[in-house]
Amino acid sequence: MWSLAVEGAAADADAVLGALWALGVNGVELEDEDTGGPPGRARARVWLEAGVDQPAVAAAVEVGARARGATGPLRLDWAPVALAPLRGSWPLARSFRVYPLGGPPPRPGRRAPLVVDPAAAWGDGRHGSTRAAAALLEAQAAQLAGARALDFGCGAGLLSLVLQHLGADTVLAVDHDGLAREATARAGAVGPAPDRLTVRADAPVGAVYDVVVANLPHLVLVELAPALAAQVAPGGALLLAGCARSLWPAVVARLPGWRVEVARRSGAFGAWWLRPAADPQG
């Protein structure tokens, strides 16, 4: 595996992020002034498979960033990445601790254990978008009690487990990736309510849910936001996460008639809880 870091002026960060998302990556790490970086500079990083055509990718990033308005010089750095087995555990929001499947058993404590297989699918709870989404679900726990929930793009199943722990009655976890579905099924089997978690490749046509959660790459959110909103039942809510806060306006622009009720941030990333503007519960 390789990491590709693209460094340039902060003013060009959105253009660089757009070019990197266009590669089809699952996530982008952004270091800028908001995350403790030097003023006026930004550094974005993605991870790519070992056999990637580096010259072709570099050219695509350069052309894509210029097409999106980048004007300053860009520095591209490639570095090999060795994937080591995940060890130990790590906290998520205030209520949870994540444990890798196959590792030491969870220790008793005040945090609920979430056991997932992050090696099989993206999502181990340490990315800013996942941290923001989990914190936002935790803040909205009172609205999750007894809810029918959809976790669209479930990855390793982490947010599906969070939904269950916070009181959702049923959770449908959806992902087009077979490895992600297998990982979510394994996580659900040792989760709080295996019989109330269903894993599928797609959501049933016409079905609606009290809460729809989608932690997805920016360009996917922009494309799917209207369809996700259409799956929210009357009186329900939509949680979107996965993009940098600077890219959020392009997502919310796809949802006329919806308003952000609550938001959470984690570094450069955010999560947003939305309801229809005319919703009397909002």
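Based on alpha-carbon atoms, the Kirkwood radius and the radius of gyration of region 181-246 give Rg/Rh equal to 1.00. Converting the Cα gyration tensor eigenvalues of region 165-282 into ellipsoid dimensions via √(5λ) gives semi-axes, longest first, of 24, 17, 14 Å.
May I ask you to list the trypsin sites (Lys or Arg not before Pro) in region 30-110 that are in a DSSP loop and have at most 12 other Cβ atoms within 10 Å of their Cβ?
Those that pass, being in a loop and sparsely packed, are Arg87, Arg94, Arg110.
Of the complete DSSP H runs in the chain, those spanning 15 angstrom or more by Cα along the long axis with a mean Kyte-Doolittle score not below 0.0 are 54-67, 128-139, 218-229. Short to long, the 10 Å bins of the Cα pair-distance histogram for region 1-85 hold 18, 54, 25, 3, 0 percent of all pairs. Ligands, DNA and RNA aside, Glu31 has an accessible area near 80 Å² when probed at 1.4 Å. The P(r) of region 5-48 has a tail past 17 Å containing 23 percent of all C-alpha pairs. Structure remark: mean-square fluctuation, Gaussian network model of the chain, C-alpha springs under 10 Å; the largest value among Ala271, Ala50, Ala93 belongs to Ala50. Using the rule -39500 (n - 2.57) for each DSSP H run of four or more residues, divided by the residues of the chain, the 222 nm mean residue ellipticity is -7500 deg cm²/dmol. Using a probe of 1.4 angstrom and keeping all protein chains present, the accessible surface of the chain works out to 45 square angstrom per residue.
Based on Cα contacts under 8 Å between residues 6+ apart, the chain shows a relative contact order of 16 percent. If R0 is taken as 25 Å, the Cβ-Cβ distance between Arg94 and Arg259 corresponds to a FRET efficiency of 0.45.
Normalised by residue number, the volume inside the convex hull of the Cα atoms of region 53-187 is 166 Å³ per residue. The translational diffusion coefficient of the chain, from Stokes-Einstein at 20 °C and 1.002 mPa s with a Kirkwood hydrodynamic radius over alpha carbon pairs, comes to 110 µm²/s.
With the full set of protein chains in place, find how many percent of the accessible area of the chain is carbon and sulfur; take the probe as 1.4 Å. The C+S portion of the solvent-accessible surface of the chain is 56 percent. Once you keep just the Cα pairs under 8 angstrom separated by 6 or more residues, what percentage relative contact order results for region 1-109? It rounds to 35 percent for region 1-109.
The values are calculated or read from the model by the stated rules, or taken from the named source; none is laboratory data. Computed from a predicted structure; not experimentally measured. Every residue, glycine as well, gets a Cβ built from its backbone with ideal geometry; the counts of neighbours run over all protein chains shown. Protein only, heavy atoms only, side chains kept; ligands, DNA and RNA dropped before computing areas. Shrake-Rupley method; radii C 1.70, N 1.55, O 1.52, S 1.80 Å.
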